[in-house]
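In what follows, a structure is listed as structure tokens, so that the remarks can point back to it.
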Ligand code: UDX
């Protein structure tokens with residue numbers, strides 16, 4: 001199969017590289033010439049474990065190429081995937097489809113024969129219809145089928161997720177298009193990944209419903225964690241206790257500082273807008289969005305409370321001028337992505353309270369510097385903690401999972417640790433001399 005991938009961002013690049021690894025001929029297209037140049041030179045525009053090697057292998061095998069020339073890449077392709085960004089539109093939260101429609105118009109002008117155009121970008125219900133209308137208008141004489149094929153990969157685990165998906169969803173009622181998609185994914189479903197054929201609108205909705213449901217699971221357990229703190233229960237045990245029920249499932253029940261990233265925040269908002277547009281309001285998702293938004297700042301206040309050692313206003317005022325070391329800035333480990341990272345709201349809350357923030361992140365500091373220039377970035381966790389009054393674990397990078405807690409404590413001038421990812425057993429942190437607090441766990445007494 002000859003596959004063209006329009007957009008060499010996260011999804012486009014990973015999908016393109018994986019398709020080429022299945023043996024297909026893949027051309028990845030991007031408007032950004034510097035990105036294409038870098039890719040041709042073997043440099044990845046994003047940090048994703050295993051990607052550089054996968055790209056190198058398939059480029060060397062002649063199956064994977066990069067170009068800025070959309071026209072020549074589209075001509076003669078069996079399938080053209082649209083994997084451009086669909087950010088939140090400023091002001092109203094709708095998905096901004098400008099890039100999708102621009103790409104569609106360019107594809108329309110470039111197709112040479114019967115083609116299958118596949119939306120891989122996360123697009124609201126009905127977008128496939130609009131893409132099809134553009135293609136028909138520009139090229140009424142060409143048989144072009146539009147398919148929805150959402151991608152469920154997670155950043156940091158993208159290649160594994162792509163190659164071993166829980167399911168492949170293909171949205172089209174057209175038999176020729178289904179045949180092309182079957183041929184493209186053959187290596188996967190031979191590997192026993194279920195392939196689900198649905199209508200196009202259903203497929204588009206599956207993606208949003210999946211992300212909204214996962215965001216709901218996380219937000220649910222986060223609120224239960226708050227209740228655990230109030231009543232003296234342990235949220236990790238609650239997660240285990242409910243997650244072992246197969247109807248609930250144990251994944252996405254880790255309490256933390258709130259979800260972030262490039263998908264959940266924007267997709268939940270876009271789904272709410274779709275609900276509004278069709279007068280079918282999604283009240284649960286609405287609550288999830290609100291609870292998650294307020295949680296991020298609440299985490300900043302939690303740190304201030306821990307630092308004050310007391311909840312009264314006078315004690316909180318005394319935290320002005322103190323120094324907090326933040327460990328982990330990206331929205332989750334194994335990525336350099338800072339989009340909607342809880343660290344941003346947490347740090348803002350600390351700074352608003354007159355606290356000095358310094359930080360470390362294994363991969364995210366370059367991106368973080370662009371969003372938060374006024375922070376003192378340090379070379380490692382110990383360097384960040386040196387002389388600090390408190391240390392806060394915001395992202396559970398492996399490198400923070402096995403810190404020498406005694407050494408960390410000795411480097412600090414204070415003794416407060418706030419572990420927003422429940423990385424450490426409370427007893428271990430306390431044994432190292434910390435006044436330790438975490439999420440939904442009250443340290444056993446005595
Ligand atoms: C997500 C979906 O998992 C993926 O299927 C979709 O295609 C894109 O969006 P991603 O954004 O890469 O992937 O990250 P994910 O691993 O799902 O985590 C999202 C956020 O939820 C992170 O901020 C993470 O820290 C948080 N999270 C996740 C929790 O707080 N608790 C959990 O139990 C799981």
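Some notes on this structure:
- Residue in the stretch 241-251 that is surrounded by 19 or more Cβ atoms within 10 Å (Cβ to Cβ), within 14 Å of the ligand (Cβ to nearest atom) and within 22 Å of the chain's Cα centre (by Cα) present: no
- Only one of the numbered conditions (1) in contact (Cβ under 8 Å) with a residue 60 or more places away in the chain; (2) within 24 Å of the chain's Cα centre (by Cα) is not met by residue 388, and that is (2).
- Residue in the stretch 369-383 that is within 16 Å of the ligand (Cβ to nearest atom), assigned to a strand (DSSP E or B) and either under 17 Å from residue 260 (Cβ atoms) or touching a helix residue (DSSP H, G or I) at 6+ places or on another chain (Cβ under 7 Å) (or both) present: no
- Within the stretch 138-176, considering residues that are in contact with a helix residue (DSSP H, G or I) (Cβ under 8 Å, 6 or more places away or on another chain) and assigned to a helix (DSSP H, G or I), the one nearest to the ligand (Cβ to nearest atom): 158
- Restricting the stretch 194-220 to residues that are assigned to a helix (DSSP H, G or I) and touching a helix residue (DSSP H, G or I) at 6+ places or on another chain (Cβ under 6 Å), the residue that is nearest to residue 133 (Cα to Cα): 200
- Criterion violated by residue 314 - all others in (1) at pLDDT 95 or above; (2) away from the ligand (no atom under 14 Å from the Cβ); (3) in a helix (DSSP H, G or I) satisfied: (1)
Quick grid of which residues meet (1) crowded, with 20+ Cβ neighbours inside 10 Å; (2) more than 16 Å from the ligand (Cβ to nearest atom); (3) not assigned by TED's automatic domain parsing to the domain that holds residue 399:
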| residue | (1), (2), (3) |
| --- | --- |
| 319 | yes, yes, no |
| 323 | yes, yes, no |
| 332 | yes, no, no |
| 338 | yes, no, no |
| 343 | yes, no, no |
| 348 | no, yes, no |
| 352 | no, yes, no |
| 355 | yes, yes, no |
| 362 | yes, no, no |
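- Looking across the stretch 45-100, the residues that are more than 22 Å from the chain's Cα centre (by Cα) and part of a loop (DSSP other than H, G, I, E, B) come down to 61, 62, 63, 68, 69, 75, 76, 77, 78.
The values are calculated or read from the model by the stated rules, or taken from the named source; none is laboratory data. Predicted model, so just to flag it, every value in this text is computed and none were measured. Here Cβ is always computed from backbone atoms with ideal geometry, including for glycine, and neighbour counts include all displayed protein chains.
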